[in-house]
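Quick note: the coordinates plus some simple rules give every number you see, no bench work behind them. Computed from a predicted structure; not experimentally measured. Backbone-built Cβ (ideal geometry, glycine too); neighbour counts: all protein chains shown.
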Amino acid sequence: MSLRALNGLSDVAGDYDGFILDLWGLVHDGANAYPQSAATFQSLKAAGKKTLLLSNAPRRGYALIEAMARMGLPRDLYGEVLSSGEATREALIKREEPFFKALGKTVYHLGPERDRSVFDDTGLAIVKDIGAADFIVNTGPDGLDEVVDDYAEDLAEGAAKSLPMVCANPDMMVIRSGQVVVCAGAIAKRYEALGGRVAYRGKPDPAVYHLAVARLGLPASRIAVVGDALETDIKGANASGLASVWCTGGIHAEALGVRYGEAADPAKAEALARKEGQMPTAIIPGFIW
């Protein structure tokens, strides 16, 4: 039986009181908001639906809010904001888990300056020499055209010194304005292949979904996750016992032979979902009401 194909979120508005929404690949492409995003937010708000933006962005929530505003999506359109960067910062401050408790106080930041907000109030000293660091925080490539091999030297040195790595964005890649961009998750996987130990923060970890549900203040049965990545959004929803709506116009669009906003063949979408081992509750072509 083929997946249920939605024309828009209004098709399931009566089934859920809250939505956990992905950003990159659903609401915007990393540079621009998709055409119907503002109107969809407005419709969700008018229908009395709670929203929480859950993003594997390796920076704090306020940075996402500022970026959304620049895309024409003002703060009053949506509710809570939770990023993998916030989750990383919280773990670095609290040091509750054994992995984080054992980390030192000097850190090598593998990533761009724009992601430095993950270190706010952590008391960590950022060093430029990986040899002087106690551990690594990986927020992803500096430039949009960089690849994992560009970091081979740092990764080899870190692994040789047995430095633990914190990955602030589990995503392997995203699509920005039609271009494939490597993310921190791909760098972390290479580090693991070299024998490095890595702690990930963000989707698909069920812990971040449980936090999102708590912030929404609704029964889990009345919440749906909406996102474009099977390996993060849908996997996390499934692992957390939440309903999910898969946006087929995002990262998997090329594999499905569609563009953002175009309806995918439900049978083809189901076949891909089964191949990836992550079955959503329904599919949708974009962030459309």
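Return SER117, SER240 ranked ascending by Cβ neighbour count within 10 Å, so the fewest neighbours appear first.
SER117, SER240
Of GLY261, VAL174, LEU52, which is farthest on the positive side of the dipole of the chain, counting Cα position, with +1 on Lys and Arg Cβ, -1 on Asp and Glu Cβ, and the Cα centre as origin?
Farthest towards the positive pole: LEU52.
Using a Gaussian network model on the chain with a 10 Å cutoff between Cα atoms, which of LEU144, LEU23, LEU256 fluctuates the most?
Answer for the Gaussian network model of the chain: LEU144.
Top mean-square fluctuation among ARG201, ARG89, ARG75, Gaussian network model of the chain, C-alpha springs under 10 Å?
For the chain, modelled as a Gaussian network with Cα springs under 10 Å, the answer is ARG75.
Counting DSSP beta bridges in the chain, what percent are antiparallel, to the nearest 5? Mind dumping the intermediate values first?
Working: 5 of 39 bridges.
Percent antiparallel among DSSP bridges in the chain is about 15.
Take the residue pairs LYS203/LYS275; LYS49/LYS189; LYS203/LYS268 and return only those whose Cα atoms are more than 31 Å apart. Could you put the intermediate results ahead of the total?
Details: LYS203/LYS275 20 Å; LYS49/LYS189 37 Å; LYS203/LYS268 25 Å.
Checking Cα-Cα distances, LYS49/LYS189 exceed 31 Å.
Please report, to two decimal places, log10 I(q)/I(0) for the chain at q = 0.09, 0.12, 0.16 Å⁻¹ as given by the Debye formula with identical point scatterers on the Cα atoms and no solvent.
Once normalised to I(0) and log-transformed, intensities are -0.42, -0.74, -1.25.
Based solely on its DSSP helices, what 222 nm [θ] is calculated for the chain when runs of n ≥ 4 H residues each add -39,500 (n - 2.57) and the sum is averaged over all residues, nearest 500 deg cm²/dmol? Don't skip to the end; give the middle numbers.
Working: 10 runs with 85 residues, N = 289.
Dividing the helical sum by the residues of the chain leaves -8000 deg cm²/dmol.
Could you order peptides 227-237, 271-281 by the average number of other Cβ atoms within 10 Å of their residues, highest first?
By packing density, highest mean first, the sequence is 227-237, 271-281.
Could you work out how far apart the two model spin labels at ALA271 and LEU144 are, taking each label as a point 7 Å from the Cα in the direction of the beta carbon, and quote it in nm?
3.3
In segment 25-180, what percentage of the DSSP-assigned beta bridges are antiparallel, given to the nearest 5?
Values: 3 of 16 bridges.
Roughly 20 percent of the beta bridges in segment 25-180 run antiparallel, per DSSP.
Provide the net charge surrounding ARG201, with neighbours chosen by a C-beta distance below 11 Å and charges set as Lys +1, Arg +1, Asp -1, Glu -1.
-2
To the nearest Å, what is the center-to-center distance of segment 72-129 and segment 228-289, using C-alpha atoms only?
Between the Cα centres of segment 72-129 and segment 228-289 lies a distance of 29 Å.
Kirkwood Rh over alpha-carbon pairs of segment 101-200, then Stokes-Einstein at 37 °C and 0.692 mPa s: what D in µm² s⁻¹, rounded to an integer? The partial results should precede the final answer.
Working: Rh = 13.6 Å.
This corresponds to a translational diffusion coefficient of 242 µm²/s.
Determine the gain in length on full extension of the stretch GLN42-ASP15; use 0.36 nm per residue of separation and subtract their C-alpha separation, reporting nm with one decimal.
Numbers: separation 27, 0.36 × 27 = 9.72 nm, distance 1.84 nm.
Working it through step by step, the gained length comes to 7.9 nm.
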